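Novice: Got a structure here, written out as structure tokens. Questions coming.
The values are calculated or read from the model by the stated rules, or taken from the named source; none is laboratory data. Fair warning: this is a prediction, and the values are worked out from it, not measured in the lab. Note: ideal-geometry Cβ built from the backbone for every residue, glycine included; neighbour counts use all protein chains shown.
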Amino acid sequence: METKLFQSYKKKNDIASHYNVICIGSGLGSLTTASLLARKGKKVLVCEKHTTPGGFTHAFTRNDYEWDVGLHYVGDMDRKGSLLRVVFEHITDGNLKWADMGEVYDKIVIQDRVYEYPKGLSAWKEKMKAYFPTEKDAFAIDKYVELLFAVNKASKDFYAKKVLPDFIRLLTSPFMNNSYSDFASKTTKEVLDNISDNDELKAVLSAQFGDYGMPPGESSFVIHAAVALHYMNGGFYPIGGAGEIFNTIAPSILNAGGDIVIGAAVKEILIENGVAKGVRMQDDKVITADTIVSGAGVHITFNQLIADQHKSKIKFLKDAMSLPQSFGHLSLYIGLKHTAEELNLPKANYWIYPNGNNHDKAIKEFLEDNTKEFPVVYISFPASKNPKFEEQYPGRSTIEIITLAKYDWFKEWENTRWKKRGEAYDALKENLAQRLLKHLYKYEPQVEGKIDTYELSTPITTKHFCNYINGEIYGLDHQPSRFEKNYLKPKTPIKNLFLTGQDIVTVGIGGALVSGVLTASAITKLNLIDEIVKAKR
């Protein structure tokens, strides 16, 4: 299996000339789609441009350390009947295990005022009401939780419409619950302003906005509600590290006769008479298939992978290309020659807001001038979260620090070689890294002087490795207007071409996982969610 998983496409001679399905990209959406179709007897080829498979669930090693790049924690893994847990167990044959992050999974710090997020709805509500003890604030907290569950209930119809044929969707829309659209049309700030006039409380309730990449004044409330409820029962981390997600899904694809290839960039989706027929690889090799699935994102799929003469079939192309991408980000990867236990590193994440409780204002000012204070600093401790880390990397630990960034700040170096971008680029990165480290030292001072290595990635790093247009981590933005776009679904106007990934549902691990199920359902014309849940029972 090792050869199939990690051998470069150009060196691999046993790739077939035809498959039932070709999946472009090996992110969680593509892997989930591929696994579910493989279990239906399909021979699937997964093509990954990067040298490491897994998309934003992959991990990388450097200097005897390992870091995750996109999966920092996952929610909803505590309940045996939760949809995400059931789907993960299905596509990994139960081989992916999760470690609980403990009673407190997030710490919100607003100008040194610390608010803990404990796991469990009752514990969370009790904690919030202790922080904000007035009767008026208690009412707002109860109302907020009520709205989270209302969005969750309404979302079922939203997902169902993603896979219904157009004529059925139009017929059923008047009879389906439209409350999701009502929630989606409002920003997070609008909803919170409607239930509270306490700015500190609203800042604490919206403090996880970094998990979907948009501040309260710009994000649709439905994405906020999905993320907030997702983590309400705590945070969880894959035992063995983020790379275990790929390692436990891949066997189902390979055992069904499929292949996973890395260093395998797709140059073009081949279309004949309005029907997707295969792909042309970067080396011009043609591989045909009955079905093509793109996990490369809406912009790249329609704008870069489809030849101009076929774009007239995509009536919504201009509108789709106008959809904004999410922010880019900086990620500081830190390695220490001490164990997490020796350094007393926590499992809980930090969400640090140095500028106070106006998240939108802080972001606006930083994006206008990156010499100003960071609007948010997220700190994660993967070595503490992963029970096997010390076994895998004895005597070592890792920390990651993330904040947002604009691609334009680094654009002048976009055509330079990775690791060889020049002194000015390196100096800019070093300045940003040192500024981020100050926040780490403030809240975990015992690590100062203990760091062995650190490396900062920028949006052009993300673009280089993950092929996003502006180095964004979350694909399309989640503003209210996004949720009006009915074309953000698996089926495309090109026959036998389907989409998957976070662009067609919502951001994050949960969104990508569900997108894979919806795409496989649309291809097979089966209710795979119902099948998976019933099989588990």
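Novice: Within the range 180-201, can you find the residues that are aliphatic (A, V, I, L, M) and within 28 Å of the chain's Cα centre (by Cα)? I'd like the intermediate steps shown before the answer.
Specialist: Taking the range 180-201 first, the residues aliphatic (A, V, I, L, M) are 184, 191-192, 195, 201.
Of everything in the range 180-201, those that are aliphatic (A, V, I, L, M) and within 28 Å of the chain's Cα centre (by Cα) turn out to be 184, 191, 192, 201.
Novice: Testing residue 75 on (1) in contact with a His (Cβ under 9 Å, 6 or more places away or on another chain); (2) more than 30 Å from residue 536 (Cα to Cα), one condition comes back false. Which one is that?
Specialist: The number of the failed condition is (2).
Novice: Can you work out which of the residues in the range 406-424 that are aromatic (Phe, Trp, Tyr) and not in a loop (DSSP other than H, G, I, E, B) is surrounded by the most Cβ atoms within 10 Å (Cβ to Cβ)?
Specialist: Restricting to residues being aromatic (Phe, Trp, Tyr) and not in a loop (DSSP other than H, G, I, E, B), the top hit is 410.
Novice: Still on this model: Being charged (D, E, K, R), under 19 Å from the mean Cα position of the chain (by Cα) and not assigned by TED's automatic domain parsing to the domain that holds residue 440: is that true of residue 103 here? Walk me through it before giving the result.
Specialist: Details: charged (D, E, K, R): yes; under 19 Å from the mean Cα position of the chain (by Cα): no; not assigned by TED's automatic domain parsing to the domain that holds residue 440: yes.
No; evaluated as a whole, the condition is false for this residue.
Novice: In the range 369-392, which residues are hydroxyl-bearing (Ser, Thr, Tyr) and more than 26 Å from the chain's Cα centre (by Cα)? Can you show your working first?
Specialist: Step one: filter the range 369-392 for residues hydroxyl-bearing (Ser, Thr, Tyr), giving 371, 378, 380, 384.
If the condition is that a residue be hydroxyl-bearing (Ser, Thr, Tyr) and more than 26 Å from the chain's Cα centre (by Cα), then 371 is the only one that fits.
Novice: Give the range 484-499 a look and list any residue that's in contact with a strand residue (DSSP E or B) (Cβ under 8 Å, 6 or more places away or on another chain) and either within 17 Å of residue 527 (Cβ to Cβ) or of a type in the set (Asp, Glu) (or both), or say none.
Specialist: 489, 490, 491, 498
Novice: Can I ask one more? I'm trying to understand the selection: among the residues of the range 506-526, which are within 13 Å of the chain's Cα centre (by Cα) and of a type in the set (Ser, Thr, Tyr)?
Specialist: Those that are within 13 Å of the chain's Cα centre (by Cα) and of a type in the set (Ser, Thr, Tyr): 506, 515.
Novice: Okay, next question. For the range 43-69, enumerate the residues that are part of a loop (DSSP other than H, G, I, E, B), surrounded by fewer than 23 Cβ atoms within 10 Å (Cβ to Cβ) and modelled with pLDDT of 90 or more.
Specialist: If the condition is that a residue be part of a loop (DSSP other than H, G, I, E, B), surrounded by fewer than 23 Cβ atoms within 10 Å (Cβ to Cβ) and modelled with pLDDT of 90 or more, then 43, 49 are the ones that fit.
Novice: Filtering the range 493-509 down to residues that are surrounded by 23 or more Cβ atoms within 10 Å (Cβ to Cβ), of a type outside the set (Asp, Glu) and in contact with a helix residue (DSSP H, G or I) (Cβ under 6 Å, 6 or more places away or on another chain), which residue is farthest from residue 159 (Cα to Cα)?
Specialist: Within the range 493-509, the match that is farthest from residue 159 (Cα to Cα) is 498.
Novice: Report the residue count in the range 99-139 for those that are among the β-branched types (Val, Ile, Thr) and either surrounded by fewer than 14 Cβ atoms within 10 Å (Cβ to Cβ) or closer than 14 Å to residue 233 by Cβ (or both).
Specialist: 3
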